[in-house]
1. For region 177-194, enumerate the residues that are over 28 Å from the mean Cα position of the chain (by Cα) and in a loop (DSSP other than H, G, I, E, B).
2. May I ask you to say which residue of 120, 130, 98 is in contact with a helix residue (DSSP H, G or I) (Cβ under 8 Å, 6 or more places away or on another chain), assigned by TED's automatic domain parsing to the domain that holds residue 28 and either surrounded by 14 or more Cβ atoms within 10 Å (Cβ to Cβ) or modelled with pLDDT of 90 or more (or both)?
3. Can we say residue 142 is assigned by TED's automatic domain parsing to the domain that holds residue 9, surrounded by 17 or more Cβ atoms within 10 Å (Cβ to Cβ) and assigned to a loop (DSSP other than H, G, I, E, B)?
4. Write out, first by first residue and then by second, each pair whose Cβ atoms fall under 6 Å of each other, whose residues are 6+ apart or on separate chains, and whose first residue, in region 170-188, is assigned by TED's automatic domain parsing to the domain that holds residue 226 and over 19 Å from residue 285 (Cβ atoms) while the second is buried (at least 16 other Cβ atoms within 10 Å of the Cβ) and at pLDDT below 95.
5. Could we say that residue 64 is assigned to a loop (DSSP other than H, G, I, E, B) and at pLDDT 85 or above here?
6. Do we have residue 241 as modelled with pLDDT under 95, over 30 Å from residue 146 (Cβ atoms) and out of contact with any strand residue (DSSP E or B) (no Cβ under 6 Å at 6 or more places or on another chain) here?
7. Across region 10-23, what is the number of residues that are assigned to a loop (DSSP other than H, G, I, E, B) and over 7 Å from residue 88 (Cβ atoms)?
8. Residues in region 39-66 that are farther than 15 Å from residue 85 by Cβ and without any contact (Cβ under 8 Å) to a residue 40 or more places away in the chain: how many?
């Protein structure tokens, strides 16, 4: 079992780093008291097949000085555990800005100790730990997506990286667009099968309606352009840590055109190996969620 100890300066992004590791399949425990590390390590060691990689987050709130954590780490290594220390830090300007934005109080700040003085004191206390850390990441000027990329690079977890899941929803504008939609597309410009008597009571799930919608080149062109845009967007969303994208395709009633386009998009994404699900929200002519 590999035990990853995530520590570093307060406000440097330890919880964010743990979330990134969790997305890669690593089991994470946040805000861990240092005295409990050996006991918890024993628990996970006995469940190594289920938890081959575990990350524990601990910081200055859990110990008085660096010697406490250093002692525990030495004890764990003496037991034969594979320990890896990830240390996160940032520059003074970045840390002060983060605390000002969140309006949280630094653990060492008090009525007599300013925020900057507290940060400087923590830097001094943690210097021995930074010195022994196998991996050190500076999170200054780093976005959430950027931090995730750094974590992936350090821990080599690209193979276990979660890929974005796409939810495709067809709906009728007369019932309102889905509130959860990230992207909404209006296909009311396409020929409407509703005005064809033999198609009116069918839906886009019926081949006759589907073929009617795609009979003219506009539907094919629209789908090609939509797919081209998504092939660009999906990797970019993944880089920023987005793992779910909801695409809503709407027509007037949500039974014919939107269902046909959503059906075609869903099938294409499946063929490309994208994790996807489809929902036809108003296919029965109501607001029922399906």
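1. If the condition is that a residue be over 28 Å from the mean Cα position of the chain (by Cα) and in a loop (DSSP other than H, G, I, E, B), then 187, 188, 189, 190, 191, 192 are the ones that fit.
2. Exactly one residue qualifies, and that residue is 120.
3. yes
4. Listed pairs, sorted by first residue: 180/246; 181/246; 182/245; 182/246.
5. So residue 64 fails the test.
6. no
7. Selection size over region 10-23: 2.
8. Of the residues in region 39-66, 9 are farther than 15 Å from residue 85 by Cβ and without any contact (Cβ under 8 Å) to a residue 40 or more places away in the chain.
The values are calculated or read from the model by the stated rules, or taken from the named source; none is laboratory data. Since this is a predicted model, take the numbers as computed values, not measurements. We place every Cβ from the backbone using ideal geometry, glycine too, and count neighbours over all the protein chains shown.
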